Amino acid sequence: MKITVAQTEQQFDLAAAWRIVNMIAERPQAVIGLSTGRTTGNIHRHVCDLHRAINFDVSKTTFFGLDEVTGVDREYSGACYKMLRTEIIDDLGVDSEHFLMLPTRSADFAAECSIFTDELERRGGIDLLILGLGENGHLGFNQPGTPLNSTCGLASMDERLEARIRRETGSAADAHLGGVTLGLRDIMHAKRIVLVAKGANKTDIVRRMLCGSISSDVPASILQLHPDCEFLLDAAAAQTIDIEQLRKP
Ligand code: GLP
């Protein structure tokens, strides 16, 4: 397994940012998937800083979001569309042709999901996918219990996130909130993956993801089977794993 442990937050954020920048340099027309959350926010800021410093060309690169909140306006600050635009897309000057997101609202999510995944394929498939890790082992909105061969579609959201979004958006009690996400099978089709996890709140789930059995109880455990997945961790997230043992082929 490929495991990288960064000693400081700055090293962690920069290492992840360089994975994105290097992919763009290697393949300007790359298709790159991004995640939202506390872990990836700083990484996105570093990509923007690098762009200002070395001014690489992103005009041919496609960026897309791994997942999206449903039942809210996409301009709501907690929608992935809005977060990615604010954190990275607008700053890099990416146009709407090169920024693909699943919708927050739709009369036919199944059709939208196939259009979305077909479009990623049409552009050559996912070259790089940056994945955050949920404290319960979720990837995107694929919560524990999701079949390991799931495909792009609607998903439920955990109670804490739902409560926060209801509070922030003032959604009516009967308004349905959820998520729409690439499935685990779609994720496994990415050519290269970088899983990013930092902080002591991720220590236990990092150990279960890397050392536990591959099971839908911990969706991220499926990444053990991916041929080109790097696990980029900080020292706190990596503190209980035996890295040398895991690095052995
Ligand atoms: C949310 C997102 C995931 C993300 C996860 C991790 O659930 N839907 O895509 O990976 O949060 O978030 P954080 O980095 O804040 O722990």
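No value in this document is a laboratory result; all are computed from the given coordinates. None of the values given here were measured: they were computed from a predicted structure. Quick reminder, even Gly has a Cβ in these numbers, built from the backbone with ideal geometry, and neighbours come from all protein chains shown.
Other residues lying with their Cβ under 15 Å from the Cβ of Asp127 contribute a combined charge of +1, Lys and Arg counting +1, Asp and Glu -1. For Lys82, the lysines whose Cα comes closer than 26 Å to its Cα, not counting residues fewer than 8 places off in the same chain, are Lys60, Lys198, Lys202. Between the residues Ser150, Leu233, Leu139, the greatest Cα displacement towards the positive end of the dipole of region 131-249, with unit charges on the Cβ of Lys, Arg, Asp and Glu, is found for Leu233. Each residue of region 91-103 is assigned a 3J(HN,Hα), and the resulting list reads 4, 6, x, 6, 7, 5, 5, 10, 10, 10, 9, 6, x Hz, derived from the Karplus form 6.51 cos²θ - 1.76 cosθ + 1.60 (θ = phi - 60°), x at Gly and Pro. DSSP bridge analysis restricted to the chain gives an antiparallel fraction near 30%, rounded to the nearest 5.
Net charge of the neighbourhood of Arg192, taken over other residues with C-beta under 15 Å away and scored Lys/Arg +1, Asp/Glu -1, is -1. Computed extension gain for Thr240 through Arg185, at 0.36 nm per residue and net of the alpha carbon distance, reaches 16.9 nm.
Under 1.5 on a/c is rounded, so check that first for region 117-249, then, if it is not, pick prolate when a/b is larger than b/c and oblate when it is not; a ≥ b ≥ c are the square roots of the alpha carbon gyration tensor eigenvalues.
Values: a/c = 2.11, a/b = 1.30, b/c = 1.63.
Judged from the Cα gyration tensor, region 117-249 comes out oblate (a/c at least 1.5, b/c at or above a/b).
Modelled label positions at Ala111 and Glu135, each set 7 Å beyond Cα in the direction of Cβ, lie 4.0 nm from each other. Separation of region 156-214 and region 218-249, taken as the distance between their Cα centroids, equals 18 angstrom.
Pop the C-beta distance of Gln29 and Glu75 into the FRET formula with R0 = 30 Å and round what comes out to the nearest 0.05.
On the way: r = 29 Å, r/R0 = 0.97.
My answer for the efficiency is 0.55.
With a Förster radius of 22 Å applied to the beta-carbon distance between Ile214 and Lys60, the computed FRET efficiency rounds to 0.05.
The helix-only estimate of mean residue ellipticity at 222 nm for the chain, built from DSSP H runs of length n ≥ 4 each weighted as -39500 (n - 2.57), is -10000 deg cm²/dmol after division by the residue total.
If the convex hull of the alpha-carbon atoms of the chain is projected onto planes in all directions, what is the mean projected area in square nanometres? Show your work: numbers first, answer last.
Numbers: hull surface 51.3 nm².
Computing the convex hull of the Cα atoms and averaging its projections yields 12.8 nm².
Lys and Arg at +1, Asp and Glu at -1: add these up for the other residues within a Cβ distance under 15 Å of Ala6 and post the number. Spell out each step's value before the answer.
Numbers: positive: Lys2, Arg19, Lys198, Lys202; negative: Glu9, Asp13, Glu230, Asp234.
Charge balance in the 15 Å sphere: 0.
For Phe63, the residues whose modelled amide H falls within less than 5 Å of its own, excluding neighbours fewer than 5 places apart on the same chain, are Ile32, Phe99, Leu100. Highest GNM mean-square fluctuation among Ala79, Ala25, Ala16, for the chain modelled with Cα contacts below 10 Å: Ala25. For region 104-120, 3J(HN,Hα) computed residue by residue from phi via the Karplus equation (6.51, -1.76, 1.60; θ = phi - 60°) reads 7, 9, 6, 7, 8, 5, 4, 5, 4, 5, 5, 4, 4, 6, 5, 5, 4 Hz, glycine and proline entered as x. 3J(HN,Hα) couplings calculated from phi for region 12-23 with the Karplus curve 6.51 cos²θ - 1.76 cosθ + 1.60 (θ = phi - 60°) are, in sequence order, 4, 5, 5, 4, 5, 4, 5, 4, 6, 5, 4, 5 Hz; Gly and Pro show x. Annotation: amide H-H contacts under 5 Å for Ala6 (H modelled 1.01 Å from N, sequence separation of 5 or more, or interchain): Leu233, Asp234, Ala235.
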